[in-house]
Structure formats: C-alpha cells, structure tokens
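The structure under discussion appears below in the form of structure tokens.
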Amino acid sequence: MRVLTGILRELAGLFVDDGWLAIAILGVVALAAVVAALTPAGSLAAGVVLVCGRLAVLFINVRAAQRAEPRRALAPLPRGEIRQ
C-alpha cells in the first residue's frame, strides 16, 4: 500500500510542482481539440497546434526558470567545493 501511495504522490507532484506548466499544456491540448473540430484538415492542424504549442510552453517555462536562478550552474565554485 505504501508503494502505491508513493507512486500516486509522485504522479500528483508532476502536476502540482509546476502548476503553470500543467495548466498551459492542458490549454494547448484544449486548443488543439477545438482546431481539430473546426478545421477541414483537423488532424494535421491539431498536430501542428500540439507540437508548436507544446514547444512554446516549454520554451517559456525554461526562460522563466532561467530568470529565477540566473547562471547558478555556471558560476565558478571556490577551490575544493563540490556542487550539490
């Protein structure tokens, strides 16, 4: 039972940890569904919306994370220290 609870918590953490990302991806999926229903070439147009929308959301998320902690990974460490 503990293993199942741990798995469910990790799965929920994927959506709760970065809520903006999850909501934005759900928005892209909803937009793709609308495009698929309204356009004659529905599956092709929906695929383009999914790919481009997902890439845009991920790019925006990475840029926001970069602004939150700028160059932390590239900053030099004093001699003898190990990055954690």
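The values are calculated or read from the model by the stated rules, or taken from the named source; none is laboratory data. Owing to the predicted nature of the structure, the values given are computational and were not obtained by experimental measurement. Cβ coordinates were reconstructed from backbone atoms using ideal geometry, including for glycine residues, and neighbour counts include every protein chain displayed.
Looking at PRO76, is it at pLDDT below 80 and either surrounded by 10 or more Cβ atoms within 10 Å (Cβ to Cβ) or out of contact with any Leu (no Cβ under 6 Å at 6 or more places or on another chain) (or both)? Yes; evaluated as a whole, the condition is true for this residue.
Do you know which residues across region 1-26 are touching a residue at least 12 places away in the same chain (Cβ under 8 Å) and either of a type in the set (Val, Ile, Thr) or surrounded by 12 or more Cβ atoms within 10 Å (Cβ to Cβ) (or both)? The answer is ASP18, LEU21, ALA24, ILE25.
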